[in-house]
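A.B. asks: Before anything else, here's the structure in question.
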């Protein structure tokens, strides 16, 4: 831990005492927060400001846009198995047990196996080579799902797709946290991650449309055509990504020189230096294991893994599929089973933009996390009570989709309060993803077994309790992060006064 502490406190320099902070200053003051970033920006010359705006526009319109599109089809590639299952795959492959659960579990196992190796590989080789190559691989594998004839083959391919996809989220989050300032990161994370609800909606529309138009074409079922089309689009985007990934400010992508100049990379380095952010350096074995000694890593990773709490929404379509008319016929057609959950994805999209935008505007995350918790508890209570009114029960599923922004809010905490710990931050992103996917891989096998659908014995009861415990963790983490900030300010020579005991709630 000493290695990182030396860098945090910078013991090698002489600290010059500075004026004491007032109690009011403390609520907003932080060497890493958005208010100081804005002050530094105000000191730039007009020409420097224009250059930074041009740089940000290029980064947003090319890197972020292409990354968002790539992530949309990553989500399509994940959700297509759910939509395929209710669109004929179950019957064609004679799936009568918990194969549906295991399709997700094998994907998640592959995903978590590669997380730590991928964060080390990204730090050594740069994301601009690794991420597009992995995307290319999972695009080819997605096409392969169109020819499967049994569950065991699906298990193997899903594991390999998960292995290839496991590099995408932590890799791109590391890029965002190295290029954008703390007062910019929340909005960019939101824009990047609206891909999740959009991808889920596209998957539903695609599966529904193909079930109506291409089902039986060239002797293939509609759900098989969906895998082919998904895979081809993913392969194309992967090839484009080789030329749009910027790399890191200190390790440029030579193929991105067509839109990012030497001056752009210099601007990027100056910007992150203003907020005291350390450059991303290759992870060593020592720095990798030292990262786990930081309490922030564990607290934020657990908030991330348990905070969004949207697993029940994954089983919405199984409940819809179970509904029957009075004559015993299915209530909803195959396309409707893909279309109806799109309403929940729309709820998710709106909450992403609102909560992440609000958190960047206010410069704090806990108020948005509190609102998220209230909505999530309401949804879980409805799903536990299971009212006889089907519309109310359906509303419980729809509200559950609102939980997605939670893990992005805690990621923004990491980007804001761990500026000087890039190695810890990189390992944190992998750890949060790892714990999250382990939860999704194994807990639903017990809480939401497909055999019990739609009358699950545990289901939402577990996730209601989980949300209540996680909110306590949100509060404890917010207090701890502010406590660490006070300690850092003292180490820098500030005289930190006593403040309102509840000031940490504005974190």
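A.B. asks: When residues of the range 446-467 are filtered for being more than 18 Å from residue 96 (Cβ to Cβ) and either in a helix (DSSP H, G or I) or touching a strand residue (DSSP E or B) at 6+ places or on another chain (Cβ under 7 Å) (or both), how many remain?
C.D. replies: Count: 10.
A.B. asks: Additional query: Go through the range 246-266 and count every residue that is free of Cβ contacts under 8 Å to residues at least 40 places away in the same chain, more than 22 Å from residue 120 (Cβ to Cβ) and either touching a strand residue (DSSP E or B) at 6+ places or on another chain (Cβ under 6 Å) or part of a loop (DSSP other than H, G, I, E, B) (or both).
C.D. replies: 4
A.B. asks: From the list 313, 368, 359, 338, exactly one residue is crowded, with 24+ Cβ neighbours inside 10 Å and at pLDDT 85 or above. Which is it? Lay out the reasoning, then the answer.
C.D. replies: On the way: 313 fails: at pLDDT 85 or above; 359 fails: at pLDDT 85 or above; 338 fails: at pLDDT 85 or above.
The conditions single out 368.
A.B. asks: Of all residues in the range 322-334, how many are in contact with a strand residue (DSSP E or B) (Cβ under 7 Å, 6 or more places away or on another chain) and outside any loop (DSSP other than H, G, I, E, B)? Please lay out each step first, then the result.
C.D. replies: In the first step, residues of the range 322-334 are kept if they are in contact with a strand residue (DSSP E or B) (Cβ under 7 Å, 6 or more places away or on another chain); the result is 324, 330-331.
Checking the rest, the ones that are also outside any loop (DSSP other than H, G, I, E, B) come to 324, 330.
Matching residues across the range 322-334 total 2.
A.B. asks: Can you confirm whether residue 432 is over 20 Å from residue 177 (Cβ atoms), in contact (Cβ under 8 Å) with a residue 24 or more places away in the chain and crowded, with 24+ Cβ neighbours inside 10 Å?
C.D. replies: Working: over 20 Å from residue 177 (Cβ atoms): no; in contact (Cβ under 8 Å) with a residue 24 or more places away in the chain: yes; crowded, with 24+ Cβ neighbours inside 10 Å: yes.
For residue 432, the condition - over 20 Å from residue 177 (Cβ atoms), in contact (Cβ under 8 Å) with a residue 24 or more places away in the chain and crowded, with 24+ Cβ neighbours inside 10 Å - is not met.
A.B. asks: Return only the number of the condition from (1) surrounded by fewer than 18 Cβ atoms within 10 Å (Cβ to Cβ); (2) farther than 30 Å from residue 80 by Cβ; (3) free of Cβ contacts under 8 Å to residues at least 40 places away in the same chain that residue 243 does not satisfy.
C.D. replies: All conditions are met except number (2).
A.B. asks: Quick check on the range 322-329. Is at least one of its residues modelled with pLDDT of 85 or more, surrounded by 14 or more Cβ atoms within 10 Å (Cβ to Cβ) and over 22 Å from the mean Cα position of the chain (by Cα)?
C.D. replies: no
Residues checked against (1) in the same structural domain as residue 379 (by the TED database); (2) in contact (Cβ under 8 Å) with a residue 24 or more places away in the chain; (3) part of a loop (DSSP other than H, G, I, E, B); (4) under 25 Å from residue 67 (Cα atoms):
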position	(1), (2), (3), (4)
268	no, yes, no, yes
272	no, yes, no, yes
288	no, yes, no, no
305	yes, yes, no, yes
314	yes, yes, no, yes
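A.B. asks: Look at residue 140 and say whether it is farther than 25 Å from residue 437 by Cα and assigned by the TED database to the domain that holds residue 61. Give the steps one after another, and end with the answer.
C.D. replies: On the way: farther than 25 Å from residue 437 by Cα: no; assigned by the TED database to the domain that holds residue 61: yes.
For residue 140, the condition - farther than 25 Å from residue 437 by Cα and assigned by the TED database to the domain that holds residue 61 - is not met.
A.B. asks: Quick check: anything in the range 60-70 assigned to a helix (DSSP H, G or I), at pLDDT 75 or above and either more than 28 Å from residue 262 (Cβ to Cβ) or more than 26 Å from the chain's Cα centre (by Cα) (or both)? Give the steps one after another, and end with the answer.
C.D. replies: Let us first name the residues in the range 60-70 that are assigned to a helix (DSSP H, G or I), namely 60-70.
Applying the additional criterion that residues be at pLDDT 75 or above yields 60-70.
Subsequent filtering for residues that are either more than 28 Å from residue 262 (Cβ to Cβ) or more than 26 Å from the chain's Cα centre (by Cα) (or both) retains none.
Within the range 60-70 (the criterion being assigned to a helix (DSSP H, G or I), at pLDDT 75 or above and either more than 28 Å from residue 262 (Cβ to Cβ) or more than 26 Å from the chain's Cα centre (by Cα) (or both)), the answer is no, since none of the residues qualifies.
A.B. asks: Tell me, which residue of the range 130-168 that is within 19 Å of residue 255 (Cα to Cα) and without any contact (Cβ under 8 Å) to a residue 60 or more places away in the chain is surrounded by the most Cβ atoms within 10 Å (Cβ to Cβ)?
C.D. replies: Here the residue is 134.
A.B. asks: Examine the range 401-413 for a residue that is in a helix (DSSP H, G or I), at pLDDT below 80 and within 19 Å of residue 185 (Cβ to Cβ), and state whether such a residue exists. Steps first, please.
C.D. replies: Of all residues in the range 401-413, those in a helix (DSSP H, G or I) come to 401-403, 405-413.
Keeping just the survivors that are at pLDDT below 80 gives 403, 405, 407.
The next check asks that each one be within 19 Å of residue 185 (Cβ to Cβ); those that pass are 405, 407.
Checked against the condition, which is being in a helix (DSSP H, G or I), at pLDDT below 80 and within 19 Å of residue 185 (Cβ to Cβ), the range 401-413 yields at least one hit.
A.B. asks: In a helix (DSSP H, G or I), modelled with pLDDT of 85 or more and more than 14 Å from the chain's Cα centre (by Cα): is that true of residue 443 in this structure?
C.D. replies: Taking the combined requirement at face value, the residue does not satisfy it.
A.B. asks: I'm told residue 216 meets every condition in (1) more than 16 Å from the chain's Cα centre (by Cα); (2) free of Cβ contacts under 8 Å to residues at least 60 places away in the same chain; (3) crowded, with 22+ Cβ neighbours inside 10 Å except one. Can you identify the failing condition by its number?
C.D. replies: (3)
A.B. asks: Determine if the range 149-170 includes at least one residue that is in a loop (DSSP other than H, G, I, E, B) and under 14 Å from residue 224 (Cα atoms). Spell out the reasoning first.
C.D. replies: First pass over the range 149-170, keeping only residues in a loop (DSSP other than H, G, I, E, B): 149-150, 166-167.
Adding the requirement that they be under 14 Å from residue 224 (Cα atoms) leaves 149-150.
Yes, because at least one residue in the range 149-170 is in a loop (DSSP other than H, G, I, E, B) and under 14 Å from residue 224 (Cα atoms).
A.B. asks: Yes or no: residue 391 outside the structural domain of residue 110 (by the TED database) and under 19 Å from the mean Cα position of the chain (by Cα)? Walk me through it before giving the result.
C.D. replies: On the way: outside the structural domain of residue 110 (by the TED database): yes; under 19 Å from the mean Cα position of the chain (by Cα): no.
No, not satisfied.
A.B. asks: Identify, please: which residue in the range 106-128 is without any contact (Cβ under 8 Å) to a residue 60 or more places away in the chain and more than 16 Å from residue 433 (Cα to Cα) and is, among those, farthest from the chain's Cα centre (by Cα)?
C.D. replies: 125
A.B. asks: Six or more apart or on different chains, Cβ atoms under 9 Å: show the pairs whose first residue is in the range 53-75 and outside the structural domain of residue 349 (by the TED database) and whose second is surrounded by fewer than 18 Cβ atoms within 10 Å (Cβ to Cβ) and part of a helix (DSSP H, G or I).
C.D. replies: Note: pairs meeting the criteria are 55/263; 66/240; 69/240; 70/240.
A.B. asks: Another question, then. Going through the range 109-129 one residue at a time, which ones are farther than 23 Å from residue 237 by Cβ and surrounded by fewer than 23 Cβ atoms within 10 Å (Cβ to Cβ)? Steps first, answer last, please.
C.D. replies: The first filter runs over the range 109-129 and keeps only residues farther than 23 Å from residue 237 by Cβ, leaving 109, 112-113, 116-117, 120, 123-124.
Listed by number, the residues that qualify are 109, 112, 113, 116, 117, 120, 124.
The values are calculated or read from the model by the stated rules, or taken from the named source; none is laboratory data. In this text, all values refer to a predicted model and were calculated from it rather than measured experimentally. FYI the Cβ positions are ideal-geometry reconstructions off the backbone, even for glycines, and counts take in every protein chain you see.
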